[in-house]
1. Got at least one residue in segment 18-31 being aromatic (Phe, Trp, Tyr), modelled with pLDDT of 95 or more and surrounded by fewer than 21 Cβ atoms within 10 Å (Cβ to Cβ)?
2. What's the number of the condition Ala244 fails, among (1) under 30 Å from Asn369 (Cβ atoms); (2) more than 14 Å from the ligand (Cβ to nearest atom)?
3. Any residue in segment 333-352 that is surrounded by fewer than 18 Cβ atoms within 10 Å (Cβ to Cβ), assigned to a strand (DSSP E or B) and under 18 Å from the mean Cα position of the chain (by Cα)?
4. Can you name the number of the only condition in (1) in a helix (DSSP H, G or I); (2) touching a Gly at 6+ places or on another chain (Cβ under 8 Å); (3) among the β-branched types (Val, Ile, Thr); (4) over 14 Å from Phe120 (Cα atoms) that Val328 fails?
5. Would you check which residues across segment 283-315 are more than 10 Å from Val197 (Cβ to Cβ) and touching an Asp or Glu at 6+ places or on another chain (Cβ under 7 Å) and list them?
6. Any chance you could count how many residues in segment 220-244 are surrounded by fewer than 17 Cβ atoms within 10 Å (Cβ to Cβ) and either basic (Lys, Arg) or touching a residue at least 24 places away in the same chain (Cβ under 8 Å) (or both)?
7. Mind listing whichever residues of segment 189-222 are of a type in the set (D, E, K, R), out of contact with any Asp or Glu (no Cβ under 8 Å at 6 or more places or on another chain) and under 16 Å from Trp303 (Cβ atoms)?
8. Which residue, of Pro396, Pro345, is at pLDDT 95 or above and out of contact with any Phe, Trp or Tyr (no Cβ under 6 Å at 6 or more places or on another chain)?
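The values are calculated or read from the model by the stated rules, or taken from the named source; none is laboratory data. Everything quoted here is computed from the prediction, not taken from an experiment. Here the Cβ positions follow ideal geometry from the backbone for every residue, glycine too, while neighbour counts run over all protein chains shown.
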Amino acid sequence: MTKPGRKSGGNTKPRNAFYAQSGGVTAVINASAAGVIETARKYPRHIGKLYAGRHGIIGALTEDLIDVGQESNATIRGLRHTPAGAFGSARFKLKGLEQNRAEYERLIEVFKAHDIGYFFYNGGNDSMDTALKVSQIGEAMGYPITCVGVPKTVDNDLPLTDCCPGFGSVAKYVAVSTREAALDVASMARTSTKIFVLEVMGRHAGWIAAAGGLAARKSGEAPQIILFPEIAFDKAAFMARVKASVETQGYCVIVVSEGTRYPDGKFLAEAGTRDAFGHAQLGGVGPVVANMVREELGYKYHWAVADYLQRSARHIASKVDVEQAYAVGKAAVEYAVQGRNAVMPAIIRKSARPYRWKIEPVPLSAVANVEKTVPRNFITADGFGITAACRRYLEPLIAGEDYPPYVDGLPDYVRIKGKPVRRKLKSTFKV
Ligand code: F6P
């Protein structure tokens, strides 16, 4: 295990730390940043300066570092209630050491120049893979660095953790919006709109779509249909369910995951572009499904794509989610100063009712590139709803509110100064 700090003349000399946000941002990723920063400030004997990458790992590669020490305690406290990525995020995949040695050599060059001995990478699935690779750099290139992943992803698809910070707040937003829009369409259905479709995120995992199911208090209530990526889309069964719902209840609310696929694996809606990780950009399944319904059944519809609204909705964040996001940031720093390398703080559910949880380290190698999808026993036999077990799992994650302060009727979010660290290297790097 990497030892914290570096011995010099019998004293442990603190080393600097690097923090970066990665991948799709969330309503609470900045709460994790606050956890990292506030905790790092408590360990001056281990951690010297804390730098953040401007736009994630790209900031490291291009030596574009933000001096977090220049940010006031009030700003850092304010990050806890501010959505999105205050330091800028990036979707950037580091290839294997053999495939792209230049990138790793550049990272080491920048880390060395700034005496960075701790690397905190706040991201999802792909980002844990990047964090793992960076942790291997130390060994492969003879540079000591303690590397800890800080979990986040609205997709909730990291393994070994009860849930992923960011998910609880999206889940709450989607459940709230579904319940509210369902009341609207129920009011209009007699003479006007009969169908409301809400498209939600979740590329390969239907956790967010499942959360839409929380809007219903009892069976038969909206949403009458949830379409999951885990269940191949059966058009005939879907249409029959829509028709039955309209005929018995007068309307039908559908929550559809952007990752819903046909039985042959093709997405119902694919935008045609791919990100740095090769993932298809999704979006637009909501109108696709709504149109299908009108063409087959002739019902008037409305649709909405929750898109970035769902992942930035800090105003209606889950209190549990905010607390967990902060806790994983705090734990990451504590692990690092204890010399734990290549780990990720995971949330462990101790009990469901009341919901009790703790944080424990899990190896990055067990997390990287593994996707946790919705298990079959969380989806009803017909494939269109959530089971009681799923509800039991989800409910605690959306519990409680943590409203941001409001000024002039609007949430009062903070912005960092983002003061750059003076560059030390002559060489530049193109990404
Ligand atoms: O990070 C996960 C996620 O929110 C997915 O659910 C969604 O498909 C994707 O990010 C969107 O990514 P981007 O903002 O890069 O288009």
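1. Checked against the condition, which is being aromatic (Phe, Trp, Tyr), modelled with pLDDT of 95 or more and surrounded by fewer than 21 Cβ atoms within 10 Å (Cβ to Cβ), segment 18-31 yields no hits at all.
2. For Ala244, the failing item is (1).
3. yes
4. Unmet for Val328, out of (1) in a helix (DSSP H, G or I); (2) touching a Gly at 6+ places or on another chain (Cβ under 8 Å); (3) among the β-branched types (Val, Ile, Thr); (4) over 14 Å from Phe120 (Cα atoms): (4).
5. Answer for segment 283-315, where residues must be more than 10 Å from Val197 (Cβ to Cβ) and touching an Asp or Glu at 6+ places or on another chain (Cβ under 7 Å): Gly283, Ala306.
6. Of the residues in that region, 8 qualify.
7. The one that is of a type in the set (D, E, K, R), out of contact with any Asp or Glu (no Cβ under 8 Å at 6 or more places or on another chain) and under 16 Å from Trp303 (Cβ atoms): Lys194.
8. Pro345
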